[in-house]
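Following: one structure in C-alpha cells, then a few remarks.
The values are calculated or read from the model by the stated rules, or taken from the named source; none is laboratory data. Here the structure is a predicted model, which means the values were calculated and not measured. In this analysis, Cβ positions are derived from the backbone assuming ideal geometry, glycine residues included, and neighbour counts consider all displayed protein chains. In case anyone asks, the SASA skips ligands and DNA or RNA and just uses the protein heavy atoms, side chains included. Shrake-Rupley method; radii C 1.70, N 1.55, O 1.52, S 1.80 Å.
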Amino acid sequence: MTKALIIGGGIAGPVTAMALQKAGIDSVVYEAYRTGADDVGAFMTIMNNGFDALHAIDADKPVLQASFPADRALFWSGSGKQLGEAPIGGGSAGAYGPHTIKRAELYRVLHEEASRRGIKIEHGARLDDVDTDLDHEVAAVFDDGTRQEGDLLIGADGIRSATRVLIDPEAPEPRYTGTVVLCGYARQAPVDPVPGVYRMIYGKRVFFAYTTAPDDETWWFVNLPRPELSKAELASTSLEEWKQQATALLRHDRSPAAAIVEASEQIRASNGYDIASTPRWHAGRMLVIGDAAHAAAPNAGHGASMAMEDAVVLAKCLRDMPDPATAFRAYEALRRERVERLVATSARMGGTATPGPIKRIIRDLAISKRLKSGPRNTAAWLTGHHIEWDLPVAHTA
C-alpha cells in the first residue's frame, strides 16, 4: 500500500489524510506546532462546495455540528442607511449553505475525526529538508534531525510553506494585501443578537462585518489598511491598542461597529496575504495543495472550502493513477484554473483605498441598486462545485 507523508495539520492536511484513507492510501500528518496552529483565533465561513467535498469522504457531519449557519447578509452604509439584503453566495447556497466556525474549532474537529479513523498526527514536526535521492520514495527531514520515508510527500503547510520552496526555490513569496485583518469577539455587544445573518457595513474609512453565534456572542472582522507588521509586532500589540486603531476608523460611522469593538474581550490580528500563482505545484514525488499552492485573501470567504476540494480531488487522482507524476499532472489540470480564478476574484474584492464623499455616494447607490435587482448567481461557479467520489478521474497527457 502507498504511504503518503503529509506536511501540515491545519485544514488541508487532515482532510487529505481522510480522503487518502478512503482511496486506500496510508498517510501520517506532520504538524509543526506542538499544539494548535497559527492564526487559531480567527473565524471563517465554510461554503456549500466545502461541505460537498467533506461529504464525499463522509466527514461533513462533525463540521456541520461544530459550526452555525449564517446564510443572509444585510448591508448598510456608513451613514446608517440600509442598502438592502442578499443571500450569502448570491442565491447559490446549495444543499448546505454557508456555515461559520472558529479556525481553532475546525482544527479540533478535523483532528478528532482523523484520529477516530486511525490516522496518525505527529505534532512538533517541522519540515527542514527532503531527500529525493531514493528509489521510488521520498524522505522528509525534520528540524530535530528525525527522518521519515514514504512513497510521496504532500505539502499542506500553509501560506509560508516550506514544501513549496523545496519544490521550487524560486517560488513566489506571499504578497501582502495592504491590510491587517482583525477578528474579534464580544459577549456584551450593544446589538440585537440576530442569528443566521451577517451585517455588512460599508463605512467611511473601512468595511466592517459582524454576526451572532448561537450563544449570542458577537463575532466581527475588519480590515485595517496599514503597512505589514512583523510577527513580534502582531504579538506585542495589546487588546486596547487594537481597539484604539480600529475605533479610530469606525467612530465616524453611524453604526454599532465602534461600540462592538470597544466591548470585545478578544481580538486576533493577522496580516492579509495572497499568492496569485505558484508556477510549480509538484516535482518528482512532492506536491503542494491548499494555501501552500494558491492562497487567496479572505475577502471571498472560500479559502477553507478550496482546501477541502483540493484534498478530495488529489485523493481521487492518486486512487485512479498509481504513478505519482501522472496523478499530480491530472490534479493540477483539474484544479489550477479554478483556484487561481478564486485568488483573482478575492483580490478584486479587497481594495484598500478610502473613497471620498462623492465616491461613497456613488458606491452606496450602486450597491443598493444591485441588491434591489435580486440575487444573482455570480458565485454559482464556486458554491455549486460538486465532487463525485465514485467517478474515475480521466488521464491527462
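Output yes when any residue across the range 276-293 is among the β-branched types (Val, Ile, Thr), surrounded by fewer than 24 Cβ atoms within 10 Å (Cβ to Cβ) and at pLDDT 95 or above, and no when none is.
Going through the range 276-293, the residues among the β-branched types (Val, Ile, Thr) turn out to be 278, 288-289.
Within this subset, residues satisfying the condition of being surrounded by fewer than 24 Cβ atoms within 10 Å (Cβ to Cβ) are 278.
Within this subset, residues satisfying the condition of being at pLDDT 95 or above are 278.
Yes: the range 276-293 contains one or more residues that are among the β-branched types (Val, Ile, Thr), surrounded by fewer than 24 Cβ atoms within 10 Å (Cβ to Cβ) and at pLDDT 95 or above.
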(request) Please determine, by comparing only the residues of the range 257-275 that are in a loop (DSSP other than H, G, I, E, B) and of a type in the set (A, V, I, L, M, F, W, C), which one is surrounded by the fewest Cβ atoms within 10 Å (Cβ to Cβ). (result) Ala263
(request) State which residue pairs qualify: first residue hydroxyl-bearing (Ser, Thr, Tyr) and inside the range 111-128, second residue surrounded by 21 or more Cβ atoms within 10 Å (Cβ to Cβ) in any location, beta carbons under 7 Å apart, and separation of 6 or more residues or different chains. (result) none
(request) Determine whether Leu64 is open to solvent by 10 Å² or more (accessible area, probe 1.4 Å) and touching a Lys or Arg at 6+ places or on another chain (Cβ under 8 Å). (result) no
(message) Which residue is nearest to Arg360 (Cα to Cα), if the candidates are limited to the range 234-253 and must be charged (D, E, K, R) and either open to solvent by less than 30 Å² (accessible area, probe 1.4 Å) or outside any loop (DSSP other than H, G, I, E, B) (or both)?
(response) Asp253
(message) What's the number of the only condition in (1) loosely packed, with under 15 Cβ neighbours inside 10 Å; (2) modelled with pLDDT of 95 or more; (3) among the polar types (S, T, N, Q); (4) over 29 Å from Ala156 (Cα atoms) that Thr211 fails to meet?
(response) (1)
(request) Quick one: in the range 176-213, of everything that is charged (D, E, K, R) and either free of Cβ contacts under 8 Å to residues at least 12 places away in the same chain or part of a strand (DSSP E or B) (or both), which residue is nearest to Asp364 (Cα to Cα)? (result) Arg199
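State all residues of the range 186-197 that are modelled with pLDDT of 90 or more and surrounded by fewer than 20 Cβ atoms within 10 Å (Cβ to Cβ); if no residue qualifies, say none. Break it down stepwise before answering.
Taking the range 186-197 and keeping what is modelled with pLDDT of 90 or more, we get 186-191, 197.
Those that are modelled with pLDDT of 90 or more and surrounded by fewer than 20 Cβ atoms within 10 Å (Cβ to Cβ): Arg187, Gln188, Pro190, Val191, Val197.
Can you pull out every residue in the range 52-79 that is farther than 12 Å from Gly97 by Cβ, outside any helix (DSSP H, G or I) and not polar (S, T, N, Q)?
Within the range 52-79, the subset farther than 12 Å from Gly97 by Cβ is 53-63, 65-66, 73-79.
Imposing the further condition that a residue be outside any helix (DSSP H, G or I) reduces the set to 57-59, 73-79.
Answer for the range 52-79, where residues must be farther than 12 Å from Gly97 by Cβ, outside any helix (DSSP H, G or I) and not polar (S, T, N, Q): Ile57, Asp58, Ala59, Ala73, Leu74, Phe75, Trp76, Gly78.
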(message) For the range 148-171, which positions are charged (D, E, K, R) and surrounded by fewer than 13 Cβ atoms within 10 Å (Cβ to Cβ)?
(response) Glu170
(message) Suppose we filter Arg34, Arg126, Arg116 for residues that are open to solvent by 30 Å² or more (accessible area, probe 1.4 Å), at pLDDT 95 or above and under 30 Å from Ala283 (Cα atoms); which single one remains?
(response) Arg126
(message) With the requirement that a residue be in contact with a Lys or Arg (Cβ under 9 Å, 6 or more places away or on another chain) and among the basic types (Lys, Arg), what does the range 213-229 give you?
(response) none
(request) Can you confirm whether the range 55-62 contains a residue that is more than 20 Å from Tyr30 (Cβ to Cβ) and within 17 Å of the chain's Cα centre (by Cα)? (result) yes
(request) Just name the residue that is surrounded by the fewest Cβ atoms within 10 Å (Cβ to Cβ) out of those in the range 299-335 that are of a type in the set (D, E, K, R) and in a helix (DSSP H, G or I). (result) Asp320
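Answer with yes or no whether Val141 is open to solvent by less than 40 Å² (accessible area, probe 1.4 Å), free of Cβ contacts under 8 Å to residues at least 60 places away in the same chain and in contact with a Cys (Cβ under 9 Å, 6 or more places away or on another chain). Full working, then the answer.
On the way: open to solvent by less than 40 Å² (accessible area, probe 1.4 Å): yes; free of Cβ contacts under 8 Å to residues at least 60 places away in the same chain: yes; in contact with a Cys (Cβ under 9 Å, 6 or more places away or on another chain): no.
So Val141 fails the test.
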(message) I'm told Arg108 meets every condition in (1) farther than 30 Å from Trp381 by Cβ; (2) assigned to a strand (DSSP E or B) except one. Can you identify the failing condition by its number?
(response) (2)
(message) Can you pull out every residue in the range 136-173 that is in a loop (DSSP other than H, G, I, E, B) and either under 23 Å from Leu314 (Cα atoms) or touching a helix residue (DSSP H, G or I) at 6+ places or on another chain (Cβ under 8 Å) (or both)?
(response) His136, Glu137, Asp151, Ala156, Asp157, Gly158, Ile159, Arg160, Ser161, Asp168, Ala171, Pro172
(request) List the number of the failed condition for Gly24; all other conditions in (1) touching a strand residue (DSSP E or B) at 6+ places or on another chain (Cβ under 8 Å); (2) assigned to a loop (DSSP other than H, G, I, E, B) hold. (result) (1)
(request) Name the residue, out of Ala95, Ala114, Ala125, that is within 30 Å of Val343 (Cα to Cα), of a type in the set (A, V, I, L, M, F, W, C) and outside any loop (DSSP other than H, G, I, E, B). (result) Ala114
